[in-house]
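Here the structure is laid out as structure tokens; the discussion comes afterwards.
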Amino acid sequence: MSDARGEVGTLQILLAEAEQTIEALRSGQVDAVAGGAGVTPILLQVAQDRLRHSEELFRSVFDGALDAMLLVDSTGRCRDANAAAFDLFGRSRDQLVDEDPGAFYSADFDVAAARAQVAKDGRLRGELTVVRPDGTQRQVDFVTTRNIQPGLTLSVLRDITERKRLEAQFHQAQKMEAIGVLAGGVAHDFNNTLCVILSFASMVISDLKPEDPVRADIEEIARAGERAADLTRQLLAFSRKQILQPRVLDLGQAVLGMERMLRRLLSEAIELSLPTSRSLGRVLADPGQVEQIVINLAVNARDAMPGGGKLTIETVNVELDADYAALHHGVVPGRYVMLAITDTGAGMDAATQERMFEPFFTTKEVGKGTGLGLAMVFGIVKQSQGHIWVYSELGQGTTFKVYFPRVEGAVSATPSAPPEPQTLRGHETVLLVEDEERVRMATRTILQRHGYNVLDAQSGGDALIISEQFPAKVHLLLTDLVMPRMSGRQVAERLLPLRPDMKVLYVSGYTEDSLVHHGVLNAGIAFLQKPITPTALLRKVREVLDG
Amino acid sequence: MSGTRSTKGGTLRLRLYVAGESPNSVAAIRHLRAVLAGYPSLHAELEIIDVLKSPEAGMRARVLVTPTMVKVAPSPERRITGNLKDTNALVAVLGLTEAPRE
């Protein structure tokens, strides 16, 4: 009885619950109905919605990704690819989907080995090169994951071509910096030695009678010394230790001013054109150095076109934006004037382009070039806060693009060349300060032989004492700039208040001094750059004394 | 303060099956918590189960619609469907004899 009553009670409860459920359904208190025969499988619907949602999510990630994505089946066929992949591979959907992407990688990538690796480890990361239909190559970093969906591997490929290029540029810049330091050091030591050779050769020559049989030999020594001095100057230019005297320039006018010289330099078979713009911006550069750049690049262009061709030297305003700067190491975005020198010659291969700015690298025959031309151009451009890039294709020609930052201001008047001194001799008193003994001796002898009264000091301190003890007028302070303890500039600062009429002439082979800011000389300072030939010294001394 | 009494047999164990944050599910949670809060001396364990996250749990308990509250213990098992706004019905299912005084 009690059992039966219990069952009835249970049934009543179940019935009550069923009625309550129906009431809840009827009055809209229910969210979802699930399972059971005849009941709409809403949960199934929900599950399908969730699946669809996650597929949509995958789709939007796949389609919107900046990285290229490929879904590849077990036979190696591409089943799907995103827009970034079409860009990366340079192919349309039809040219990529259903194809084997392994066919579009460079030959050094072992597709079979990579697939085996993915099958074994489930995942593979590495680098490879994509070859586009037009032959251009893109370097990519990739990750391949197996079974992203049943039977499909997903490869994500990131284009790192630009990053690689920047890295290479950075390494190149570092290498050039290191070579520059080395070359600068060599040139510095060489300067003093050359100074002595040239001075004594010149003195011996002036002692010899014109008919003396030794004279020709000594003259040969002097000429060799001059050539060595030239090389040293070029090395200094490359290592950016040359002292620049920049002025505000119109590059276009500067190039036009060189037209006659350029025509002499080039063969008749080379057509020269010098387009420029009337509203060309101004730049701050050393005119002599700009000339060096143009001549060196023009000579290179000429040598690349032995059978004739066309040489264009163009000057034009350009704006280098952040995008450009991001792709070119060391470039600050801004307004520049570009000097572009284009030839229609042989062009350069990649290996040559990589090394062309290195000193002593040359593709010319032995004895034809020093390998310093482009090195010097590179140094001058860098020291002028400029940039240089080359675009070259074998058989097509080469363009060098040199960018100088634009500046405001009127073009500086070209200072007239100082009149040639009537004589190289003088009678004035010169206070000579030079820490290098051999150089001091050579300089003193040269000056004395030309009539000057020379007081020589081996340091700034010595110079102060000598000046104090010398009762008469000192006409000229001739001092090395870079000396231990007291610099040439400090010597001048101490002596000028005591001897206000004294003229000052600085000598240096080096830019690292407070007188020059980053190798740029303040205007109005008389300066001689080592290595100095005796004639250059005597001429400059006269010029300063007479000025 | 009299008039409250918990069910016999100790802990009240409840499972509330909901469908995510659907309005009736949210309301059911709110109504149930409010009722339980009215019985401070009551020892109740409430487990809320989202059938969207674990549909199998709903299937196992034969919950056909949500929200559904199942009183698991003390026996007998009772269930109530809907958003539980009918407090009297809820209290009856829970086996609480009297509603708390306001």
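Total residues in the stretch B:46-91 satisfying the condition of being under 15 Å from the mean Cα position of the chain (by Cα) and over 19 Å from A:L25 (Cβ atoms): the figure is 15. Condition first: surrounded by 18 or more Cβ atoms within 10 Å (Cβ to Cβ), modelled with pLDDT under 85 and within 26 Å of the chain's Cα centre (by Cα). Can you find one or more residues in the stretch A:272-281 that meet it? There is no residue in the stretch A:272-281 that is surrounded by 18 or more Cβ atoms within 10 Å (Cβ to Cβ), modelled with pLDDT under 85 and within 26 Å of the chain's Cα centre (by Cα). Does A:L235 meet the test of being within 26 Å of A:A201 (Cβ to Cβ) and of a type in the set (A, V, I, L, M, F, W, C)? So A:L235 passes the test.
In the stretch A:169-202, how many are aromatic (F, W, Y), over 30 Å from A:A326 (Cβ atoms) and out of contact with any Ser or Thr (no Cβ under 6 Å at 6 or more places or on another chain)? Here the count works out to 1.
What residue, of A:A183, A:A178, is buried (at least 20 other Cβ atoms within 10 Å of the Cβ) and aliphatic (A, V, I, L, M)? It is A:A183.
Check every one of the helices (runs of 4 or more DSSP H) wholly within the stretch A:202-294 and list those with 1 or more residues that are basic (K, R) and closer than 23 Å to A:T533 by Cα.
A:215-238
Selection of the stretch B:52-79 for residues being among the charged types (D, E, K, R) and facing chain A (nearest Cβ under 8 Å) yields B:R62, B:R78, B:R79. Does A:D94 count as over 30 Å from the mean Cα position of the chain (by Cα), more than 30 Å from A:Q383 (Cα to Cα), exposed (fewer than 12 other Cβ atoms within 10 Å of the Cβ) and in contact (Cβ under 8 Å) with a residue 12 or more places away in the chain? Taking the combined requirement at face value, the residue does not satisfy it.
Within the set A:D67, A:D63, the sole residue that is farther than 21 Å from A:T161 by Cα and within 38 Å of the chain's Cα centre (by Cα) turns out to be A:D63. The condition (being under 26 Å from A:F238 (Cβ atoms) and in contact (Cβ under 8 Å) with a residue 12 or more places away in the chain) is satisfied by just one residue among A:I148, A:I179: A:I179.
Looking at A:G288, A:G373, A:G334, which one is under 22 Å from A:L265 (Cα atoms) and touching a residue at least 60 places away in the same chain (Cβ under 8 Å)? On inspection, the qualifying residue turns out to be A:G373. Within the stretch B:59-100, the set of residues being part of a helix (DSSP H, G or I) and either closer than 14 Å to A:E17 by Cβ or among the basic types (K, R) (or both) comprises B:R60, B:A89, B:L90, B:A92, B:V93, B:L94. Within the stretch B:24-45, is even one residue within 10 Å of another protein chain (Cβ to nearest Cβ), assigned to a loop (DSSP other than H, G, I, E, B) and out of contact with any strand residue (DSSP E or B) (no Cβ under 7 Å at 6 or more places or on another chain)? No; the residues of the stretch B:24-45 include none that is within 10 Å of another protein chain (Cβ to nearest Cβ), assigned to a loop (DSSP other than H, G, I, E, B) and out of contact with any strand residue (DSSP E or B) (no Cβ under 7 Å at 6 or more places or on another chain).
Let me confirm something: among A:R215, A:R233, which residue is without any contact (Cβ under 8 Å) to a residue 12 or more places away in the chain, out of contact with any Gly (no Cβ under 7 Å at 6 or more places or on another chain) and basic (K, R)?
A:R215
The values are calculated or read from the model by the stated rules, or taken from the named source; none is laboratory data. Keep in mind that this is a model prediction, so the values were computed, not measured. A quick note on method: Cβ atoms are made from the backbone with ideal geometry, for glycine too, and the neighbour counts reach across all protein chains shown.
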